Amino acid sequence: MSGTEIVSTEPATGAVLWRRMAGDVDAEVTRARASWAEWAARPHAYRIETMRRFANVVRARIDAFADLIARETGKPLWEARTEVDTVINKVDISISAYSERTGQRRSEGAMGARMALRHKPHGVLAVLGPYNFPVHLPNGHIVPALLAGNAVVFKPSEKTPASAEFLVECYHAAGVPEGCVRLLIGGADEGRALAGHDGIDGLLFTGSARTGIALNRTFADKPEKILALEMGGNNPILVWDTPDLHSAAVLVVQSAFTSAGQRCTAGRRLIVDQKLAEPLLVEINKIVDRLIVGEPHADPQPFMGPVIDNDTADMLTESFLALSAMDGRPLRHLQRPVEGRPFLTPALIDMTDAKERPDVELFGPILQVIRATDFDEAIAEGNATRYGLSASLISQNPTLYDRFWANIRAGIVNWNKPTNGAASSVPFGGIGWSGNHRPSAYYAADYCAYPVVSSEADQARATIGIGLRDG
Ligand code: NAD
Ligand code: SIN
(Lines give C-alpha, C1' and ligand atoms only; values in the text may rest on other atoms or scores of the structure.)
(Ligands and ions follow the chains in the order given, each with its own letter.)
Protein backbone atom coordinates (compact mmCIF):
# COMPACT_ATOMS: atom_id res chain seq x y z
CA MET A 1 0.00 0.00 0.00
CA SER A 2 2.89 2.32 0.64
CA GLY A 3 4.76 4.02 -2.14
CA THR A 4 1.88 4.63 -4.56
CA GLU A 5 1.16 8.25 -5.32
CA ILE A 6 -2.40 9.17 -6.24
CA VAL A 7 -2.60 12.18 -8.54
CA SER A 8 -5.87 13.89 -9.42
CA THR A 9 -5.89 15.77 -12.71
CA GLU A 10 -8.55 18.17 -13.98
CA PRO A 11 -10.06 16.48 -17.05
CA ALA A 12 -10.85 19.78 -18.79
CA THR A 13 -7.36 21.28 -18.55
CA GLY A 14 -4.93 18.52 -17.63
CA ALA A 15 -3.75 20.56 -14.62
CA VAL A 16 -2.73 18.64 -11.54
CA LEU A 17 -5.29 19.38 -8.84
CA TRP A 18 -4.18 17.22 -5.93
CA ARG A 19 -1.58 14.59 -5.07
CA ARG A 20 -0.93 12.41 -2.06
CA MET A 21 0.54 9.03 -1.21
CA ALA A 22 -1.89 6.14 -0.85
CA GLY A 23 -3.05 5.46 2.69
CA ASP A 24 -2.48 2.60 5.08
CA VAL A 25 -5.49 0.26 5.07
CA ASP A 26 -4.63 -1.47 8.31
CA ALA A 27 -4.11 1.80 10.20
CA GLU A 28 -7.42 3.27 8.98
CA VAL A 29 -9.44 0.16 9.84
CA THR A 30 -7.79 -0.09 13.27
CA ARG A 31 -8.60 3.55 14.01
CA ALA A 32 -12.23 3.09 12.99
CA ARG A 33 -12.55 -0.10 15.05
CA ALA A 34 -11.25 1.72 18.10
CA SER A 35 -13.81 4.50 17.66
CA TRP A 36 -17.11 2.98 16.62
CA ALA A 37 -18.34 1.60 19.97
CA GLU A 38 -18.35 5.03 21.60
CA TRP A 39 -20.20 6.54 18.64
CA ALA A 40 -22.71 3.66 18.68
CA ALA A 41 -23.32 4.21 22.41
CA ARG A 42 -24.29 7.86 21.89
CA PRO A 43 -28.04 8.58 21.91
CA HIS A 44 -29.58 8.52 18.46
CA ALA A 45 -30.65 12.16 18.95
CA TYR A 46 -26.99 13.11 19.33
CA ARG A 47 -26.09 11.48 16.03
CA ILE A 48 -29.06 13.20 14.35
CA GLU A 49 -27.89 16.58 15.63
CA THR A 50 -24.34 15.90 14.46
CA MET A 51 -25.54 15.01 10.97
CA ARG A 52 -27.69 18.16 10.87
CA ARG A 53 -24.58 20.15 11.74
CA PHE A 54 -22.83 18.36 8.89
CA ALA A 55 -25.55 19.56 6.48
CA ASN A 56 -24.99 23.11 7.72
CA VAL A 57 -21.22 22.86 7.32
CA VAL A 58 -21.70 21.76 3.70
CA ARG A 59 -24.26 24.53 3.15
CA ALA A 60 -21.72 27.10 4.30
CA ARG A 61 -19.08 25.73 1.91
CA ILE A 62 -21.31 25.07 -1.09
CA ASP A 63 -19.49 27.32 -3.58
CA ALA A 64 -16.03 25.97 -2.83
CA PHE A 65 -17.32 22.41 -2.80
CA ALA A 66 -19.12 22.70 -6.14
CA ASP A 67 -16.10 24.40 -7.69
CA LEU A 68 -13.83 21.54 -6.60
CA ILE A 69 -16.19 18.80 -7.84
CA ALA A 70 -16.54 20.58 -11.19
CA ARG A 71 -12.76 20.84 -11.56
CA GLU A 72 -12.07 17.29 -10.52
CA THR A 73 -14.81 15.52 -12.51
CA GLY A 74 -15.14 17.95 -15.41
CA LYS A 75 -18.91 18.17 -14.90
CA PRO A 76 -20.47 21.62 -15.40
CA LEU A 77 -20.62 23.87 -12.36
CA TRP A 78 -24.45 23.87 -12.40
CA GLU A 79 -24.41 20.11 -12.14
CA ALA A 80 -21.77 20.07 -9.41
CA ARG A 81 -24.01 22.38 -7.38
CA THR A 82 -26.89 19.93 -7.69
CA GLU A 83 -24.55 17.23 -6.40
CA VAL A 84 -23.75 19.31 -3.31
CA ASP A 85 -27.47 20.03 -2.78
CA THR A 86 -28.09 16.29 -2.83
CA VAL A 87 -25.43 15.80 -0.15
CA ILE A 88 -27.22 18.33 2.07
CA ASN A 89 -30.69 16.89 1.43
CA LYS A 90 -29.50 13.38 2.20
CA VAL A 91 -29.39 14.17 5.91
CA ASP A 92 -33.11 14.82 6.49
CA ILE A 93 -34.05 11.98 4.14
CA SER A 94 -31.81 9.57 6.07
CA ILE A 95 -33.23 10.68 9.41
CA SER A 96 -36.76 9.86 8.16
CA ALA A 97 -35.58 6.61 6.58
CA TYR A 98 -33.87 5.51 9.80
CA SER A 99 -36.97 6.01 11.89
CA GLU A 100 -39.34 4.55 9.32
CA ARG A 101 -37.31 1.48 8.35
CA THR A 102 -34.92 0.79 11.21
CA GLY A 103 -36.31 2.60 14.22
CA GLN A 104 -37.91 1.13 17.31
CA ARG A 105 -41.32 -0.54 17.58
CA ARG A 106 -43.19 -2.08 20.46
CA SER A 107 -46.09 -4.49 20.26
CA GLU A 108 -47.96 -6.97 22.45
CA GLY A 109 -46.69 -10.56 22.36
CA ALA A 110 -48.26 -13.81 23.65
CA MET A 111 -48.94 -14.33 27.38
CA GLY A 112 -48.70 -10.65 28.21
CA ALA A 113 -45.16 -10.32 26.88
CA ARG A 114 -44.09 -7.15 25.14
CA MET A 115 -42.26 -7.42 21.84
CA ALA A 116 -39.58 -4.86 21.16
CA LEU A 117 -37.95 -4.33 17.77
CA ARG A 118 -34.74 -2.33 17.78
CA HIS A 119 -31.79 -2.05 15.44
CA LYS A 120 -28.06 -2.21 16.01
CA PRO A 121 -25.20 -0.99 13.84
CA HIS A 122 -22.87 -3.52 12.20
CA GLY A 123 -19.65 -1.90 13.43
CA VAL A 124 -17.09 -0.73 10.88
CA LEU A 125 -18.36 -0.37 7.32
CA ALA A 126 -16.09 0.11 4.33
CA VAL A 127 -17.43 2.41 1.60
CA LEU A 128 -16.00 2.29 -1.93
CA GLY A 129 -17.04 5.11 -4.24
CA PRO A 130 -17.06 5.79 -8.02
CA TYR A 131 -15.83 8.91 -9.79
CA ASN A 132 -18.99 10.11 -11.53
CA PHE A 133 -20.67 11.30 -8.32
CA PRO A 134 -17.62 11.47 -6.05
CA VAL A 135 -19.50 12.82 -3.03
CA HIS A 136 -23.24 12.21 -3.53
CA LEU A 137 -22.96 8.44 -3.88
CA PRO A 138 -20.51 7.67 -1.04
CA ASN A 139 -22.40 10.16 1.12
CA GLY A 140 -25.54 8.16 0.29
CA HIS A 141 -23.98 5.26 2.21
CA ILE A 142 -22.01 7.23 4.82
CA VAL A 143 -24.82 9.39 6.28
CA PRO A 144 -27.16 6.45 6.97
CA ALA A 145 -24.23 4.36 8.23
CA LEU A 146 -23.22 7.06 10.73
CA LEU A 147 -26.80 7.74 11.82
CA ALA A 148 -27.20 4.06 12.61
CA GLY A 149 -24.05 4.15 14.77
CA ASN A 150 -21.43 2.63 12.47
CA ALA A 151 -17.92 3.90 11.84
CA VAL A 152 -16.84 4.18 8.21
CA VAL A 153 -13.63 3.73 6.26
CA PHE A 154 -14.20 5.52 2.97
CA LYS A 155 -12.02 4.79 -0.03
CA PRO A 156 -13.03 7.10 -2.86
CA SER A 157 -12.21 6.62 -6.50
CA GLU A 158 -8.52 7.29 -7.22
CA LYS A 159 -9.82 9.69 -9.89
CA THR A 160 -11.63 11.96 -7.42
CA PRO A 161 -9.79 11.97 -4.08
CA ALA A 162 -9.86 15.76 -3.58
CA SER A 163 -13.67 15.95 -3.57
CA ALA A 164 -13.76 13.01 -1.17
CA GLU A 165 -11.27 14.69 1.16
CA PHE A 166 -13.43 17.83 1.19
CA LEU A 167 -16.47 15.72 2.13
CA VAL A 168 -14.65 13.99 4.99
CA GLU A 169 -13.41 17.34 6.33
CA CYS A 170 -17.06 18.46 6.49
CA TYR A 171 -18.04 15.44 8.63
CA HIS A 172 -15.17 16.16 11.01
CA ALA A 173 -15.91 19.89 11.14
CA ALA A 174 -19.48 19.02 12.15
CA GLY A 175 -18.30 16.95 15.11
CA VAL A 176 -18.26 13.40 13.77
CA PRO A 177 -15.27 11.95 15.63
CA GLU A 178 -12.24 11.66 13.36
CA GLY A 179 -11.99 7.97 14.15
CA CYS A 180 -15.54 7.38 12.94
CA VAL A 181 -15.02 8.52 9.36
CA ARG A 182 -11.64 7.60 7.96
CA LEU A 183 -10.52 8.61 4.49
CA LEU A 184 -8.43 5.94 2.79
CA ILE A 185 -6.69 7.27 -0.29
CA GLY A 186 -5.86 4.68 -2.91
CA GLY A 187 -6.85 2.75 -5.99
CA ALA A 188 -7.95 -0.81 -6.74
CA ASP A 189 -5.18 -2.34 -4.59
CA GLU A 190 -6.29 -0.44 -1.51
CA GLY A 191 -9.92 -1.26 -2.38
CA ARG A 192 -9.10 -4.97 -2.53
CA ALA A 193 -7.14 -4.85 0.73
CA LEU A 194 -9.95 -2.98 2.49
CA ALA A 195 -12.60 -5.39 1.20
CA GLY A 196 -10.60 -8.37 2.45
CA HIS A 197 -9.68 -6.85 5.82
CA ASP A 198 -10.82 -8.84 8.86
CA GLY A 199 -11.54 -5.62 10.75
CA ILE A 200 -14.53 -4.55 8.65
CA ASP A 201 -18.07 -5.77 9.27
CA GLY A 202 -19.34 -4.96 5.81
CA LEU A 203 -18.80 -3.17 2.53
CA LEU A 204 -21.03 -0.67 0.77
CA PHE A 205 -19.98 -0.38 -2.85
CA THR A 206 -20.93 1.84 -5.77
CA GLY A 207 -19.09 1.22 -9.02
CA SER A 208 -18.85 -1.03 -12.04
CA ALA A 209 -20.27 -4.54 -12.35
CA ARG A 210 -16.78 -5.89 -12.96
CA THR A 211 -15.55 -4.66 -9.57
CA GLY A 212 -18.81 -5.54 -7.84
CA ILE A 213 -18.65 -9.13 -9.07
CA ALA A 214 -15.04 -9.41 -7.87
CA LEU A 215 -16.12 -8.11 -4.46
CA ASN A 216 -18.99 -10.59 -4.37
CA ARG A 217 -16.40 -13.36 -4.73
CA THR A 218 -14.32 -11.89 -1.90
CA PHE A 219 -17.38 -12.03 0.34
CA ALA A 220 -18.56 -15.48 -0.79
CA ASP A 221 -17.19 -17.20 2.33
CA LYS A 222 -18.04 -14.33 4.69
CA PRO A 223 -21.77 -14.64 5.35
CA GLU A 224 -21.25 -12.75 8.61
CA LYS A 225 -20.52 -9.52 6.71
CA ILE A 226 -22.96 -7.27 4.94
CA LEU A 227 -22.28 -6.49 1.27
CA ALA A 228 -24.31 -3.92 -0.65
CA LEU A 229 -23.50 -3.57 -4.35
CA GLU A 230 -24.74 -0.70 -6.52
CA MET A 231 -23.45 -1.31 -10.04
CA GLY A 232 -23.93 -0.20 -13.61
CA GLY A 233 -26.61 -0.54 -16.27
CA ASN A 234 -27.23 -1.01 -19.98
CA ASN A 235 -30.49 0.85 -19.78
CA PRO A 236 -33.22 0.90 -22.46
CA ILE A 237 -35.44 3.84 -23.36
CA LEU A 238 -38.41 2.90 -25.55
CA VAL A 239 -40.29 5.36 -27.74
CA TRP A 240 -43.68 4.10 -28.92
CA ASP A 241 -47.01 5.71 -29.84
CA THR A 242 -46.19 9.27 -28.86
CA PRO A 243 -47.40 12.39 -30.69
CA ASP A 244 -44.86 14.89 -29.34
CA LEU A 245 -41.58 13.84 -30.91
CA HIS A 246 -39.77 16.95 -29.76
CA SER A 247 -40.45 16.12 -26.10
CA ALA A 248 -39.57 12.48 -26.74
CA ALA A 249 -36.26 13.62 -28.25
CA VAL A 250 -35.53 15.88 -25.25
CA LEU A 251 -36.13 12.98 -22.86
CA VAL A 252 -33.87 10.70 -24.91
CA VAL A 253 -31.10 13.32 -25.03
CA GLN A 254 -31.34 13.98 -21.28
CA SER A 255 -31.23 10.25 -20.60
CA ALA A 256 -28.26 9.51 -22.84
CA PHE A 257 -26.03 12.58 -22.61
CA THR A 258 -26.47 14.25 -19.21
CA SER A 259 -23.10 14.11 -17.37
CA ALA A 260 -21.53 13.14 -20.72
CA GLY A 261 -23.31 9.79 -20.34
CA GLN A 262 -21.45 9.08 -17.09
CA ARG A 263 -24.49 8.05 -15.09
CA CYS A 264 -25.29 4.52 -14.09
CA THR A 265 -28.89 5.22 -15.08
CA ALA A 266 -28.07 6.78 -18.47
CA GLY A 267 -30.17 5.60 -21.41
CA ARG A 268 -27.75 3.49 -23.46
CA ARG A 269 -30.18 1.89 -25.95
CA LEU A 270 -32.96 3.76 -27.73
CA ILE A 271 -35.53 1.20 -28.86
CA VAL A 272 -38.01 2.86 -31.17
CA ASP A 273 -41.03 1.95 -33.28
CA GLN A 274 -39.51 1.78 -36.73
CA LYS A 275 -42.32 4.03 -38.04
CA LEU A 276 -41.21 6.79 -35.65
CA ALA A 277 -37.48 6.27 -35.99
CA GLU A 278 -36.68 8.71 -38.78
CA PRO A 279 -38.69 11.72 -37.51
CA LEU A 280 -37.50 11.07 -33.94
CA LEU A 281 -33.86 10.97 -35.03
CA VAL A 282 -34.36 14.27 -36.90
CA GLU A 283 -35.59 15.84 -33.62
CA ILE A 284 -32.75 14.27 -31.61
CA ASN A 285 -30.19 15.56 -34.10
CA LYS A 286 -31.65 19.08 -33.95
CA ILE A 287 -31.20 19.11 -30.16
CA VAL A 288 -27.76 17.50 -30.18
CA ASP A 289 -26.61 20.08 -32.76
CA ARG A 290 -27.29 22.73 -30.11
CA LEU A 291 -25.77 21.00 -27.06
CA ILE A 292 -22.75 22.80 -25.66
CA VAL A 293 -19.82 20.56 -24.76
CA GLY A 294 -17.38 22.62 -22.75
CA GLU A 295 -15.28 23.13 -19.69
CA PRO A 296 -17.07 23.18 -16.33
CA HIS A 297 -16.78 26.89 -15.61
CA ALA A 298 -17.53 28.15 -19.13
CA ASP A 299 -20.02 30.95 -19.64
CA PRO A 300 -22.60 30.17 -20.97
CA GLN A 301 -22.61 26.93 -19.04
CA PRO A 302 -22.21 23.78 -21.11
CA PHE A 303 -24.73 20.95 -21.17
CA MET A 304 -21.92 18.48 -20.60
CA GLY A 305 -18.21 18.49 -19.85
CA PRO A 306 -15.48 16.03 -20.76
CA VAL A 307 -15.40 12.42 -19.64
CA ILE A 308 -13.16 11.67 -16.69
CA ASP A 309 -9.83 11.14 -18.47
CA ASN A 310 -8.07 10.44 -21.75
CA ASP A 311 -7.91 6.68 -21.19
CA THR A 312 -11.68 6.60 -20.82
CA ALA A 313 -12.14 8.74 -23.93
CA ASP A 314 -9.80 6.41 -25.87
CA MET A 315 -11.66 3.34 -24.66
CA LEU A 316 -15.01 4.86 -25.68
CA THR A 317 -13.62 5.79 -29.10
CA GLU A 318 -12.43 2.22 -29.60
CA SER A 319 -15.80 0.86 -28.45
CA PHE A 320 -17.60 3.07 -30.96
CA LEU A 321 -15.34 1.76 -33.74
CA ALA A 322 -15.97 -1.79 -32.56
CA LEU A 323 -19.75 -1.24 -32.80
CA SER A 324 -19.26 0.07 -36.35
CA ALA A 325 -17.20 -3.01 -37.19
CA MET A 326 -20.15 -5.15 -36.08
CA ASP A 327 -22.17 -3.46 -38.87
CA GLY A 328 -23.52 -0.73 -36.62
CA ARG A 329 -24.36 2.34 -38.75
CA PRO A 330 -22.92 5.57 -37.24
CA LEU A 331 -25.55 8.33 -37.22
CA ARG A 332 -23.31 10.78 -35.37
CA HIS A 333 -19.65 10.05 -34.83
CA LEU A 334 -17.94 10.29 -31.47
CA GLN A 335 -15.55 13.18 -31.90
CA ARG A 336 -12.74 14.62 -29.79
CA PRO A 337 -13.14 18.39 -30.35
CA VAL A 338 -10.20 19.41 -28.09
CA GLU A 339 -6.90 17.77 -28.88
CA GLY A 340 -5.33 16.00 -25.94
CA ARG A 341 -8.32 16.43 -23.64
CA PRO A 342 -11.20 13.96 -23.07
CA PHE A 343 -14.06 16.06 -24.43
CA LEU A 344 -16.39 13.91 -26.53
CA THR A 345 -19.35 14.91 -28.66
CA PRO A 346 -22.62 12.97 -28.27
CA ALA A 347 -22.68 9.97 -30.58
CA LEU A 348 -25.46 7.84 -32.06
CA ILE A 349 -25.14 4.51 -33.81
CA ASP A 350 -27.89 2.42 -35.38
CA MET A 351 -27.40 -1.18 -34.24
CA THR A 352 -30.62 -2.60 -35.76
CA ASP A 353 -28.82 -4.68 -38.38
CA ALA A 354 -25.62 -5.28 -36.42
CA LYS A 355 -24.23 -8.82 -36.32
CA GLU A 356 -23.95 -8.53 -32.57
CA ARG A 357 -25.05 -6.14 -29.82
CA PRO A 358 -22.56 -6.51 -26.98
CA ASP A 359 -24.22 -6.28 -23.57
CA VAL A 360 -21.68 -3.95 -21.98
CA GLU A 361 -22.04 -0.63 -20.24
CA LEU A 362 -20.35 2.06 -22.35
CA PHE A 363 -19.95 4.74 -19.69
CA GLY A 364 -19.96 7.81 -21.91
CA PRO A 365 -22.02 9.74 -24.48
CA ILE A 366 -22.83 6.89 -26.90
CA LEU A 367 -26.45 6.03 -27.67
CA GLN A 368 -27.27 2.86 -29.61
CA VAL A 369 -30.45 2.90 -31.68
CA ILE A 370 -32.53 -0.21 -32.33
CA ARG A 371 -35.66 -0.08 -34.49
CA ALA A 372 -38.40 -2.56 -33.59
CA THR A 373 -41.48 -3.64 -35.49
CA ASP A 374 -43.83 -4.44 -32.61
CA PHE A 375 -44.05 -3.62 -28.92
CA ASP A 376 -43.36 -7.17 -27.66
CA GLU A 377 -40.17 -7.19 -29.72
CA ALA A 378 -39.24 -3.80 -28.22
CA ILE A 379 -39.69 -5.08 -24.65
CA ALA A 380 -37.70 -8.24 -25.45
CA GLU A 381 -34.96 -6.01 -26.86
CA GLY A 382 -35.07 -3.88 -23.70
CA ASN A 383 -34.64 -7.02 -21.59
CA ALA A 384 -31.73 -8.30 -23.70
CA THR A 385 -29.23 -7.42 -20.99
CA ARG A 386 -27.70 -8.98 -17.89
CA TYR A 387 -28.14 -5.63 -16.15
CA GLY A 388 -31.41 -4.26 -14.80
CA LEU A 389 -31.00 -0.78 -13.39
CA SER A 390 -33.37 1.62 -15.13
CA ALA A 391 -35.76 1.69 -18.07
CA SER A 392 -38.15 4.25 -19.46
CA LEU A 393 -41.10 4.28 -21.85
CA ILE A 394 -42.04 7.40 -23.79
CA SER A 395 -45.63 6.92 -24.90
CA GLN A 396 -49.07 8.48 -24.68
CA ASN A 397 -50.62 5.03 -24.26
CA PRO A 398 -51.28 3.86 -20.65
CA THR A 399 -51.95 0.30 -21.81
CA LEU A 400 -48.48 0.16 -23.29
CA TYR A 401 -47.09 1.47 -19.99
CA ASP A 402 -48.93 -1.30 -18.11
CA ARG A 403 -47.34 -3.88 -20.41
CA PHE A 404 -43.95 -2.23 -20.13
CA TRP A 405 -44.13 -2.00 -16.32
CA ALA A 406 -45.20 -5.64 -16.02
CA ASN A 407 -42.57 -7.08 -18.33
CA ILE A 408 -39.43 -4.94 -18.29
CA ARG A 409 -36.78 -6.08 -15.82
CA ALA A 410 -35.31 -3.14 -13.90
CA GLY A 411 -35.33 -1.53 -10.47
CA ILE A 412 -36.37 1.84 -11.91
CA VAL A 413 -39.19 1.81 -14.48
CA ASN A 414 -40.26 5.27 -15.66
CA TRP A 415 -42.99 6.64 -17.92
CA ASN A 416 -42.50 9.80 -20.00
CA LYS A 417 -39.47 10.65 -17.86
CA PRO A 418 -35.75 10.18 -18.44
CA THR A 419 -34.01 6.98 -17.32
CA ASN A 420 -31.80 9.02 -14.99
CA GLY A 421 -32.28 11.67 -12.30
CA ALA A 422 -33.35 9.26 -9.56
CA ALA A 423 -34.50 10.80 -6.25
CA SER A 424 -32.90 10.04 -2.86
CA SER A 425 -36.32 9.94 -1.20
CA VAL A 426 -37.15 6.55 -2.73
CA PRO A 427 -35.22 3.28 -3.00
CA PHE A 428 -32.54 3.13 -5.68
CA GLY A 429 -31.16 -0.10 -7.05
CA GLY A 430 -31.33 -2.65 -9.78
CA ILE A 431 -31.46 -6.35 -10.46
CA GLY A 432 -29.20 -8.64 -12.46
CA TRP A 433 -25.70 -7.21 -12.74
CA SER A 434 -26.90 -3.84 -11.44
CA GLY A 435 -27.03 -4.81 -7.77
CA ASN A 436 -27.39 -7.55 -5.18
CA HIS A 437 -30.88 -6.77 -3.93
CA ARG A 438 -29.71 -4.29 -1.33
CA PRO A 439 -31.06 -1.06 -2.82
CA SER A 440 -29.63 2.24 -1.71
CA ALA A 441 -31.02 5.82 -1.34
CA TYR A 442 -34.07 5.59 0.97
CA TYR A 443 -33.49 1.89 1.66
CA ALA A 444 -29.82 2.43 2.59
CA ALA A 445 -31.09 2.43 6.18
CA ASP A 446 -31.82 -1.30 5.80
CA TYR A 447 -28.23 -2.36 5.20
CA CYS A 448 -26.72 -0.03 7.82
CA ALA A 449 -28.36 -1.75 10.82
CA TYR A 450 -29.65 -5.18 11.72
CA PRO A 451 -32.89 -5.89 13.59
CA VAL A 452 -32.88 -7.22 17.15
CA VAL A 453 -36.19 -8.57 18.42
CA SER A 454 -36.80 -8.94 22.15
CA SER A 455 -39.67 -10.58 23.98
CA GLU A 456 -39.75 -8.78 27.32
CA ALA A 457 -41.57 -8.89 30.67
CA ASP A 458 -40.83 -6.99 33.88
CA GLN A 459 -40.75 -10.13 36.01
CA ALA A 460 -40.02 -13.80 35.48
CA ARG A 461 -43.38 -15.59 35.89
CA ALA A 462 -43.60 -18.94 34.12
CA THR A 463 -45.40 -22.30 34.30
CA ILE A 464 -45.34 -25.51 32.24
CA GLY A 465 -48.97 -26.49 31.52
CA ILE A 466 -48.59 -29.76 29.60
CA GLY A 467 -46.25 -32.75 29.79
CA LEU A 468 -45.23 -32.74 33.48
CA ARG A 469 -45.55 -35.81 35.78
CA ASP A 470 -47.37 -35.20 39.06
CA GLY A 471 -44.81 -33.88 41.51
P1 NAD B 1 -15.00 1.10 -10.51
O2 NAD B 1 -15.72 -0.18 -10.28
O3 NAD B 1 -13.86 1.09 -11.45
O4 NAD B 1 -14.44 1.69 -9.12
C5 NAD B 1 -15.28 1.90 -8.01
C6 NAD B 1 -14.43 1.84 -6.75
O7 NAD B 1 -13.91 0.54 -6.56
C8 NAD B 1 -13.23 2.77 -6.79
O9 NAD B 1 -13.05 3.31 -5.50
C10 NAD B 1 -12.08 1.85 -7.18
O11 NAD B 1 -10.82 2.30 -6.73
C12 NAD B 1 -12.48 0.58 -6.48
N13 NAD B 1 -11.97 -0.64 -7.10
C14 NAD B 1 -11.67 -0.86 -8.40
N15 NAD B 1 -11.32 -2.15 -8.58
C16 NAD B 1 -11.39 -2.74 -7.37
C17 NAD B 1 -11.18 -4.08 -6.92
N18 NAD B 1 -10.81 -5.06 -7.74
N19 NAD B 1 -11.37 -4.36 -5.60
C20 NAD B 1 -11.78 -3.39 -4.76
N21 NAD B 1 -11.99 -2.11 -5.13
C22 NAD B 1 -11.80 -1.79 -6.43
O23 NAD B 1 -16.13 2.15 -10.95
P24 NAD B 1 -15.89 3.64 -11.54
O25 NAD B 1 -15.33 3.49 -12.90
O26 NAD B 1 -15.20 4.48 -10.55
O27 NAD B 1 -17.37 4.20 -11.63
C28 NAD B 1 -18.20 4.04 -12.74
C29 NAD B 1 -19.09 2.83 -12.55
O30 NAD B 1 -19.91 3.00 -11.39
C31 NAD B 1 -20.06 2.64 -13.70
O32 NAD B 1 -20.13 1.26 -13.99
C33 NAD B 1 -21.38 3.13 -13.14
O34 NAD B 1 -22.50 2.58 -13.76
C35 NAD B 1 -21.26 2.71 -11.71
N36 NAD B 1 -22.15 3.50 -10.86
C37 NAD B 1 -23.18 2.86 -10.24
C38 NAD B 1 -24.08 3.60 -9.49
C39 NAD B 1 -25.24 2.96 -8.77
O40 NAD B 1 -25.70 3.54 -7.80
N41 NAD B 1 -25.74 1.82 -9.20
C42 NAD B 1 -23.91 4.98 -9.37
C43 NAD B 1 -22.83 5.58 -9.99
C44 NAD B 1 -21.94 4.84 -10.74
C1 SIN C 1 -25.93 7.74 -10.97
O2 SIN C 1 -25.97 7.50 -9.76
O3 SIN C 1 -24.92 7.50 -11.70
C4 SIN C 1 -27.12 8.36 -11.60
C5 SIN C 1 -28.20 8.64 -10.68
C6 SIN C 1 -29.29 9.19 -11.53
O7 SIN C 1 -29.09 10.22 -12.18
O8 SIN C 1 -30.34 8.55 -11.61
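The values are calculated or read from the model by the stated rules, or taken from the named source; none is laboratory data. Since we're looking at a predicted model, the values are computed, not measured. All Cβ positions, glycine included, derive from the backbone under ideal geometry; neighbour counts span all protein chains shown. Just so you know, the surface numbers come from the protein's heavy atoms only, side chains and all, with ligands and any DNA or RNA stripped out. Shrake-Rupley method; radii C 1.70, N 1.55, O 1.52, S 1.80 Å.
At a glance:
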quantity: Under DSSP loop assignment and at most 13 Cβ neighbours within 10 Å, longest GluC sites (Glu not before Pro)-free interval of the chain; calculated: 1-223
quantity: Amide hydrogen neighbours beyond the local backbone of N416, cut-off 5 Å, H modeled; calculated: L393, I394, S395
quantity: ³J(HN,Hα), Karplus 6.51/-1.76/1.60, whole Hz, each residue of region 415-423, x for Gly, Pro; calculated: 9, 6, 9, x, 6, 10, x, 4, 8
quantity: 1.4 Å probe accessible area per residue over the chain, in Å²; calculated: 43
quantity: 5 angstrom amide H check on V369, placed H, neighbours 5+ away; calculated: L270, I349, D350, M351
quantity: Trypsin sites (Lys or Arg not before Pro) within region 325-382, DSSP loop, no more than 10 other Cβ atoms inside 10 Å; calculated: K355
quantity: Extension gain from N397 to R42, taking 0.36 nm per residue of separation minus the Cα-Cα distance; calculated: 122.5 nm
quantity: Degrees between helix 44-60 axis and first principal axis of the chain (Cα, 0 to 90, nearest 10); calculated: 30
quantity: Sites S425 and D189, calculated FRET efficiency, Cβ-Cβ separation with R0 45 Å, nearest 0.05; calculated: 0.80
quantity: Computed lengthening from E169 to D458, 0.36 nm per intervening residue step minus Cα-Cα distance; calculated: 99.5 nm
quantity: C-alpha long axis of helix 25-41 to longest principal axis of the chain, angle in °; calculated: 50
quantity: Accessible-area composition of region 235-415, carbon plus sulfur, in percent [1.4 Å probe]; calculated: 52
quantity: Helix-only CD estimate at 222 nm, as mean residue ellipticity for the chain, using -39500 (n - 2.57) per DSSP H run (n ≥ 4); calculated: -12500 deg cm²/dmol
quantity: DSSP bridge pairs, the chain: antiparallel proportion in percent, nearest 5; calculated: 35
quantity: Extension reserve of the N416-Q274 stretch, reckoned as 0.36 nm per residue once the Cα distance is removed; calculated: 49.2 nm
